[in-house]
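The values are calculated or read from the model by the stated rules, or taken from the named source; none is laboratory data. Source: prediction; values computed, not measured. Don't worry about glycine lacking a Cβ; one is built from the backbone with ideal geometry, like all the others, and counts go over all protein chains shown. Side chains are part of the model used for accessible areas, which takes the heavy atoms of the whole protein and leaves out ligands, DNA and RNA. Shrake-Rupley method; radii C 1.70, N 1.55, O 1.52, S 1.80 Å.
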Amino acid sequence: MFFLDHIWLIPLFPAFGAAVMFFFGRKLQKQTVSIVCVGMVALSFLWACGAVWQYQGWAEANHHQPFQKVMFTWLGTDTGHMNYTTHDGTLAPFQADAGFLLDPLSAIWLLFVTGVGLLIHIYSTGYMAHEGGYYRFFGYLNLFMFSMLTLIMGNNYALMFVGWEGVGLCSYLLIGFYFHRPAASAAANKAFIVNRIGDAGFLLGMFTIAWYFGSLRYVDVNLLARSGHFNIGDPIITAATLLLFVGACGKSAQLPLYVWLPDAMEGPTPVSALIHAATMVTAGVYMVARSNALFVLAPTSMKTVAIVGALTAIFAASIGLVQNDIKRVLAYSTVSQLGYMFLALGVGAFAAGVFHVFTHAFFKALLFLGAGSVIHAMSGEQDMRNMGHLAKKIPTTYRTILIATLAIAGIPPFAGFFSKDEILWQTWSSEGGAYRILWLVGFITALMTAFYMFRLVFLTFYGKPRMDHEVEHHIHESPKSMTVPLVVLAVCAVCAGWLGWPHSLGGSNRFEHYLDPVFAREAQVFQEEGKEAQLVAGEKEEKHTNPLEYGLMFLSVAAAGVGFGLARRYYAAADKGYAEPIEQAAPPVYRTLQNKYYVDEAYDYVFTGRRKIGDVRLGAMGLGEASSWVDAKVIDGTVNGAGRITRLSGKISSWWDKWIIDGLLVNGLALITHPLSWFARLLQWGLVQWYALVMVVGLVGFVAYYAWR
Amino acid sequence: MQSHILSIILFTPLLGALLLLFVPKENKHAIRWIANMFALAGFLISLPLVPMFWEQRFEPGFKFLEGGANNWIPSIGAGYNLGIDGISFLLIMLTTLLGWISILSSWTAIEDRVKEYYIWFLVLQTGMLGVFMALDFFLFFVFWEAMLVPMYLLIGIWGGPRKLYAAIKFFLYTLAGSVLMLLGILFLYFNHHTLTGIYTFSIPALYQTAPQIPYHYAFWLFLAFFIGFAIKVPMFPFHTWLPDAHVEAPTAGSVILAGVLLKMGTYGFVRFALPFFPGVVTNPKVRGWMIALSIIGIIYGALVSLMQKDMKKLVAYSSVSHLGFCTLGIFALNSQGIAGSVLQQINHGISTGALFLIVGILYERRHTREISEYGGISNVMPVYATITMIMFLSSMGLPLLNGFIGEFTILQGTFMENRAWAAWAVPGVVLAAAYLLWLYQRVFFGKVTNPKNEKLHDLTPREVLTFVPLLILAFWIGLYPKPFFQILEQPVNQIVQTVRQPNANVNAELPVVHPEIVAQTSQGGK
């Protein structure tokens, strides 16, 4: 149980690497930096493998409970005296552990995050070899690994939030890695702030959970949620799950908060692969899957998740049809694929959603790394209009990208086929006509996916070379450190789907059964209570033999084939100034798609206030300007006005004092006194002779008086 | 057995000020060294308080009591009476630390009237510590007012271009609040006499009698205290002295102003307004107003911050927003809210103190705080940029740094009372990220466009040293806040218990003076 007992080391290895880079990175050789940072992630990966392997044995003996390891009390006092009152008046301790949890769900994330993370670290040693700030880059990457691992390994929502914001920070730092480029720093800010909006929802959702269940620990919350005390459709649980989903929309780039992800492509390509494709953006899926016990109690939330997922899938895919920047195509593709995952979660097919996360991690990371290799070969060129005919010049890159494209397009037996098909099938077989519409949306998206992906392949690797001679001259295959991860990922992109080989094709779907301890019950609840339901394990075999499933499977493969055919027809021989079919067919549609439905502009008008509508500024900046005006004119104006009134009254007082009190009364009195005093003065003249005279006169007077009386 | 540790901590800075009186003013070097030694000594002397306090953290009541009731001016019942609980303990530690850091940060920033500067700074330090230690209302008020004078002079003499306006505004505004508070104190004092026949300013004694004041008197008393404290915090709409004072004050003055002075207002709420008038603060209307002002402060402060062109003003308005969280937590009136609030007060001292240092460092080099004068500073001052980033993150409440712990605890405490309050406050978290990151982008990112910024030198070791304790604390509170919560647990629960008692400030007439009490008093019983 060695690995399992010390499971806390898994996030701590990369944290150590990040700390080393923070304090000493500047002085270290590039080689040392690589050894430390790649080494730490490798250790995490090995440790994760060990822990997951040991968990198997542990779980057998412990009724498939999640394994928990609490390190210390992080928030709260630990004394039991700091409590809060929950919704029904009972006391609950204010507490959140620094504690880790391992169950099949976190095990899957753990393995692919550390695995793909390791490959991308290795790839980066080649990709970033000639860049400045090498240690900074790897320090951030390691910090990201730490945050991501905290996110997936925490045993409570508060700790998930730590990782959640942590990955957001690393994403910010890495998008803004080329901080001297204004576009990069603007994209970084956008990513962080949009994510913060989601995080605000997460926070409130978390508080709702604490208020309703009296704990933030998954095991406590799940136990209560499954206890049967709560009704399906409980309004508080609906609110909590919807708020959590706002968080998921931010992190996993769903409508309407997806806007940051395409811009995030300003970061170095390995970052796009690791953070903005394979791992971080799937955190929202993880969160919803982790909260499955709550979501199944809230059908409204489930429907919202499904609808938002489906809409995002088709919305992003349609934008992806016309993008020319190779990374932007992949970015919109990621948003679209994340939409699929949420669609799966929303119809209660949690395992299918997780399965798609898993396969997507490999082929999307591969696509981005492949794109990075192309960009590397093209001396930094990202515009596909200036590429073409690269297949022979960079063969390894070409082959691996081709495999990934086949995988994402859903061609059997590549990985994406199994996961995407499972999602579409589960959507179709959910009860209620509305789900057929969602299926149709997913189906059209599949067609679009195949089209834009093969468009990417044809524009990049086929057709006529459209680049400058200078650039053409320099085209070269990437170094081993970059191609080896590509090959490894390509193998995974072929094979990863086989883990979930469906029953209908004679497999055993081991992937879903592995997740049964986490989801099986939930699927059941969802079916029993709401009739719009999900398949239960037992019933599955039976339904899978349905010829309908084969039919749908055939349809989706056919759709992929159509996408491929269309792309081939229009782009396979593209020369300079090639025609865009959508532009020719419907120019307004093309312009709208090119401008991403003008969503960024709309947001700037309404939410940020960076653009004015006429003379009026709305949004945060509009409010800011209004507040500043109120502050200066009204509030401070009142204060200064009070001061001015005081001074005015002071002036009046001083005038009054000077002219009335002092002038009229005091000096006036003096003026009157002065002439009057002349008489008094006579008595005090100061002339001794005068005094003597007065005395003599007085004496004479007295004497005379008495004499004459 | 009386320990005199509080008095020693209290008067060490004053002793330094007295000593500086005898140093010739031409000898700036010696003055700087002496002032710094005393500031450091003031901090080091407060350190033994930590283990001493830690042992008694769960014990009820005030600790390290010193002096006694009425021992100072017996004829009116004023005493030199000190004592602390977990809340004042943390604020005292913050004060001694920030006092040292601010004095250290002034080394090169202050060039004229050096002697007076340090003397006033040290006097200020004693005044602030006294406010947090006093257990006698008379003594408290003396410190509360005494501390205004040095701050007034620090802004008025060593401040920026509009220093006189700012200093006078600061002084008069705060004074106006204090006068009302003084009236309140006197009412409590005479009320205590009416009820018990004893004239005393002792705060623990007044705790017993104040909650018996009938509501319609207690309400006006609360209002008097509220205005005094709300101006100090400052709560919306009493905040406009703050940006002016901050912008004009020298860096160290801003650090202390934001770090410690504002906390006196929130401390006043926690220490006096809540336990004195439980019936008033729990009144839904009063509480509703308090919460509303707090939430407006959070959002409004952040929005105004967003539009500032002057870095220091931006940070000043961000304080309005942050302090809004603190008052929100207080008026949640539960242990989480109040504990979170006190912790957030400490956090604000750490991160906003650091932010003012950060602005001051650029100002010292370039003599401008206009954001548009900068850009691309990361290229020339990488260490500075890194520290700034960490402190910005701490200020915007990123988990594993201190700010998050406070905000989270406050918001959760508030949520437990009322869902809508928490929901209204949460956008402040988003806006905090917006104004800080936008500031960071404009100042640090991009290329150096202004040639004047090309030759800026990075932090000196002394400047780094001023940040080290703040960084350590930021991470400590973020990673392992349990000790802080344990220190706060007892006093906070005590306050909540007092506030939540029934029958406080119930509607009744003021008690009539009982003849026997009058007789007792006239017989000379004090």
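Remarks
- Only residues that are more than 14 Å from chain A (Cβ to nearest Cβ) and either under 23 Å from B:ASN36 (Cα atoms) or in contact with a Ser or Thr (Cβ under 9 Å, 6 or more places away or on another chain) (or both) were counted across region B:139-175, and they come to 18.
- Residue pairs meeting the criteria (Cβ under 7 Å; at least 6 apart or on separate chains; first touching a residue at least 24 places away in the same chain (Cβ under 8 Å), in region B:141-166; second part of a helix (DSSP H, G or I) and open to solvent by 30 Å² or more (accessible area, probe 1.4 Å)): B:PHE141/B:LEU182; B:LEU148/B:PHE171; B:LEU148/B:LEU175; B:PRO150/B:TRP120; B:PRO150/B:VAL123; B:LEU153/B:TRP120; B:LEU154/B:TRP120; B:ILE155/B:LYS163
- Test: residue in region B:489-509 that is within 14 Å of another protein chain (Cβ to nearest Cβ), open to solvent by 70 Å² or more (accessible area, probe 1.4 Å), under 25 Å from A:ALA96 (Cβ atoms) and in contact with a strand residue (DSSP E or B) (Cβ under 8 Å, 6 or more places away or on another chain): no
- Within region B:328-342, the set of residues being within 12 Å of chain A (Cβ to nearest Cβ) and among the β-branched types (Val, Ile, Thr) comprises just one member, B:ILE338.
- Among the residues making up region A:628-641, those that are more than 9 Å from chain B (Cβ to nearest Cβ) and open to solvent by 40 Å² or more (accessible area, probe 1.4 Å) are A:TRP629, A:LYS633.
- Qualifying residues in region A:78-90 (those that are touching a strand residue (DSSP E or B) at 6+ places or on another chain (Cβ under 8 Å) and either more than 23 Å from B:ARG57 (Cα to Cα) or among the β-branched types (Val, Ile, Thr) (or both)) - the one farthest from the other protein chains (Cβ to nearest Cβ): A:THR86
- Inter-residue pairs, beta-carbon under 8 Å, first charged (D, E, K, R) and in region A:365-381, second open to solvent by 10 Å² or more (accessible area, probe 1.4 Å), 6+ apart: A:GLU381/A:MET467; A:GLU381/A:VAL471
- Some residue of region A:150-160 being under 16 Å from A:GLN68 (Cβ atoms), within 14 Å of chain B (Cβ to nearest Cβ) and of a type in the set (S, T, N, Q): yes
- Residue that is open to solvent by 10 Å² or more (accessible area, probe 1.4 Å), more than 24 Å from A:VAL52 (Cβ to Cβ), more than 9 Å from chain B (Cβ to nearest Cβ) and among the aliphatic types (A, V, I, L, M), where the choices are A:ALA187, A:ALA191, A:ALA129: A:ALA129
- Restricting the first member to region A:625-650 and to residues that are within 21 Å of B:GLN308 (Cβ to Cβ) and in contact (Cβ under 8 Å) with a residue 60 or more places away in the chain, and the second to residues that are open to solvent by 60 Å² or more (accessible area, probe 1.4 Å) and aromatic (Phe, Trp, Tyr), no beta-carbon pair is closer than 7 Å while six or more apart or on different chains.
- If you check B:TYR363, B:TYR317, B:TYR374 for being under 16 Å from B:TYR435 (Cβ atoms) and either more than 14 Å from chain A (Cβ to nearest Cβ) or in contact with a Gly (Cβ under 9 Å, 6 or more places away or on another chain) (or both), only one passes: B:TYR317.
- None of A:TYR590, A:TYR578, A:TYR598, A:TYR605 is outside any loop (DSSP other than H, G, I, E, B) and farther than 30 Å from B:ALA302 by Cβ except A:TYR590.
- Given (1) more than 18 Å from A:ALA188 (Cβ to Cβ); (2) of a type outside the set (A, V, I, L, M); (3) facing chain A (nearest Cβ under 9 Å), number of the condition B:THR460 does not satisfy: (3)
- For the residues A:THR90, A:THR77, A:THR73, A:THR86, the requirement of being among the β-branched types (Val, Ile, Thr) and open to solvent by 30 Å² or more (accessible area, probe 1.4 Å) singles out A:THR90.
- Within region B:236-261, the only residue that satisfies the criterion of being open to solvent by less than 10 Å² (accessible area, probe 1.4 Å), away from chain A (no Cβ under 12 Å) and assigned to a loop (DSSP other than H, G, I, E, B) is B:ALA249.
- Of all residues in region B:192-218, those satisfying the criterion of being open to solvent by less than 30 Å² (accessible area, probe 1.4 Å) and free of Cβ contacts under 8 Å to residues at least 40 places away in the same chain are B:HIS192, B:THR209.
- Looking only at residues of region B:432-457 that are within 7 Å of chain A (Cβ to nearest Cβ) and assigned to a helix (DSSP H, G or I), we find that the one that is most open to solvent (accessible area, probe 1.4 Å) is B:TRP438.
- Residues that are over 25 Å from B:PRO60 (Cβ atoms), of a type in the set (S, T, N, Q), open to solvent by 10 Å² or more (accessible area, probe 1.4 Å) and touching a helix residue (DSSP H, G or I) at 6+ places or on another chain (Cβ under 7 Å) do occur in region B:97-105, at least one of them.
Table: residues versus (1) under 30 Å from A:ASN189 (Cβ atoms); (2) over 60 Å from the mean Cα position of the chain (by Cα); (3) open to solvent by less than 70 Å² (accessible area, probe 1.4 Å); (4) away from chain B (no Cβ under 14 Å).
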| site | (1), (2), (3), (4) |
| --- | --- |
| A:TYR605 | yes, no, no, yes |
| A:ALA620 | yes, no, yes, no |
| A:ALA626 | yes, no, yes, no |
| A:LEU648 | no, no, no, yes |
| A:LEU665 | no, yes, no, yes |
| A:LEU669 | no, yes, no, yes |
| A:ARG681 | no, yes, no, yes |
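- Residue list for region A:224-252, restricted to those being hydroxyl-bearing (Ser, Thr, Tyr) and either modelled with pLDDT of 90 or more or surrounded by 20 or more Cβ atoms within 10 Å (Cβ to Cβ) (or both): A:THR238, A:THR241, A:SER252
- Of the residues B:THR388, B:THR409, B:THR414, the single one that is free of Cβ contacts under 8 Å to residues at least 60 places away in the same chain, in a helix (DSSP H, G or I), under 25 Å from the mean Cα position of the chain (by Cα) and crowded, with 18+ Cβ neighbours inside 10 Å is B:THR388.
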